[in-house]
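For reference, the structure is listed below as structure tokens.
What follows is calculated from the coordinates using simple rules that are stated; it is not laboratory data. Computed from a predicted model, the values in this text were never measured in an experiment. Here the Cβ is made from the backbone with ideal geometry for all residues, glycine too, and neighbour counts use every protein chain on show.
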Amino acid sequence: MSKNSLELIFESKARLKILKFLFRNIESDFDAREMADRIQEDPRFVKGEIKKFVGIGLLKVKK
Amino acid sequence: MAKRKNKKRITKDKKSVKRKQRKNKMPRKKKSKRIKVVRKKNKMKPSTKSKRKNLKAKKVLHKGPVLAGETSLRPRYVLNHDFEFFYELRDLILKSSPAENDGMVQKINKIGRVKLAIISGVFMNKENMDSLVPDLLIVGDDIDRRKFRSFLKSLEAEVGKEIRFAVMDKEEFKYRLAMFDRFIRVLLEGPHEKLINKLGL
């Protein structure tokens, strides 16, 4: 199995990073800026991804 | 009209005004007028500077709670456990290797003369096995702290979690190994992987 197969499936390294980050910190909550800082990716990209994830119901806004 | 009123008040002497104030316990709105009157009497004008200060103070007062609200209002996100493929996706993601070993070896070699690099814990996909076990142990000399820190930051970004690490020089490691130090023993007895091993361990 090639090492970046998951990266290919998820289309980008950054998106995989976000997912990894979320599932490795499963109980914690973050805002977009925090997340971008922790995974060292472009905040705008992270915001966009978060929007998509919220749209499909993987993420929810914590009240 | 207002000006005329002020003029009338100015004609009264200070004491009588004060007495009146005490007697009537004037409501707040009028208080500000009184202050103005007293100032005029003393031929004092509220300086533009102090005016500005007041304005600033007002602005800050106004801004303060809004700013505080902004930080707390920024939406915080959390994974939704009710998502259709939540558990499948979790298994898939967590099964992936946290970080590429080859890339790590190259980076570790750049931070100094590293004799031994062991990964464990989060890298073995076994989290919180033992709070004593570090995720990363590096034994080496002349380690560049700045490079190490940036390496650690990028590694944490890739792994998506904080990394518990330990750095020591060769002497200390040998000493700890010889005296069966618990910290080293637990690490070496548990699941781990040696990325760099120039000590013949």
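Between B:LEU188 and A:LYS52, the FRET efficiency from the beta-carbon distance, with R0 = 30 Å, is close to 0.10. Each Lys and Arg contributes +1 and each Asp and Glu -1, all at the Cβ; summed about the Cα centre of chain A, the dipole is approximately 120 debye. Structural descriptor for chain A: relative contact order 22 percent, calculated from alpha carbon pairs under 8 angstrom and at least 6 residues apart.
Put simply, the convex hull of the Cα atoms in chain A casts, on average, a shadow of 4.6 nm². Counting charges near A:PHE10 (Lys, Arg +1; Asp, Glu -1) among other residues having Cβ under 11 Å from its Cβ returns a value of +1. Rounded to the nearest Hz, the phi-derived 3J(HN,Hα) couplings of the stretch A:12-24 under the Karplus curve 6.51 cos²θ - 1.76 cosθ + 1.60 (θ = phi - 60°) are 8, 5, 5, 5, 4, 4, 4, 5, 4, 4, 5, 6, 7, where x marks glycine and proline.
Under 5 Å from the amide H of B:TYR77 lie the amide H atoms of A:PHE30, A:ASP31, A:LYS62, each residue being 5 or more positions distant or on a separate chain, with H modelled from the backbone and absent for Pro and chain starts. In terms of overall dimensions, the stretch B:134-201 has a Cα radius of gyration and Dmax of 12.8, 35 angstrom.
In this structure, B:LEU132 and A:LYS62 have a Cβ-Cβ separation that, at R0 = 41 Å, corresponds to a calculated FRET efficiency of about 0.80. Label-to-label distance, B:ASP82 versus A:GLU27, with points set 7 angstrom from Cα along the beta-carbon direction: 2.1 nm. Between the C-alpha center of the stretch B:133-152 and that of the stretch A:1-55 there is a gap of 25 Å. Backbone amide hydrogens, once placed in the peptide plane, bring B:ARG164 within less than 5 Å of B:ASP135, B:LEU136, excluding anything fewer than 5 places away on its chain. For peptide A:4-11, the mean count of partner chain Cβ atoms within 10 Å of a residue's Cβ comes to 2. Under 5 Å between amide hydrogens, built in the peptide plane, is the criterion, and for B:SER97 it picks out nothing among residues at least 5 positions away or on other chains. FRET efficiency for the pair B:ARG74 and A:SER12, taken as 1/(1 + (r/R0)^6) with r the Cβ-Cβ distance and R0 = 22 Å, rounds to 0.35.
The mean number of partner chain beta-carbon atoms within 10 angstrom of a residue's beta-carbon across peptide B:184-197 is 0. Look at the stretch A:49-57: the mean tally of other chain Cβ atoms within 10 Å of its residues' Cβ atoms is 2.
Electrostatic tally near A:LYS20: other residues with Cβ closer than 12 Å to its Cβ, Lys and Arg +1, Asp and Glu -1, net +4. For the stretch B:145-150, backbone phi angles converted through the Karplus equation (6.51, -1.76, 1.60; θ = phi - 60°) give residue-by-residue couplings of 4, 5, 4, 4, 5, 5 Hz, Gly and Pro being listed as x.
Taking a sphere under 14 Å around the Cβ of B:PHE86 and counting the other residues whose Cβ falls inside, with K and R at +1 and D and E at -1, yields a net charge of -3.
Applied to the stretch B:192-198, the Karplus parametrisation 6.51 cos²θ - 1.76 cosθ + 1.60 on θ = phi - 60° returns per-residue 3J(HN,Hα) values of 7, 9, 9, 7, 10, 9, 9 Hz, with x for Gly and Pro.
Ordering of A:48-61, A:20-33 by packing is A:20-33, A:48-61, highest average first (other Cβ atoms within 10 Å, averaged per residue).
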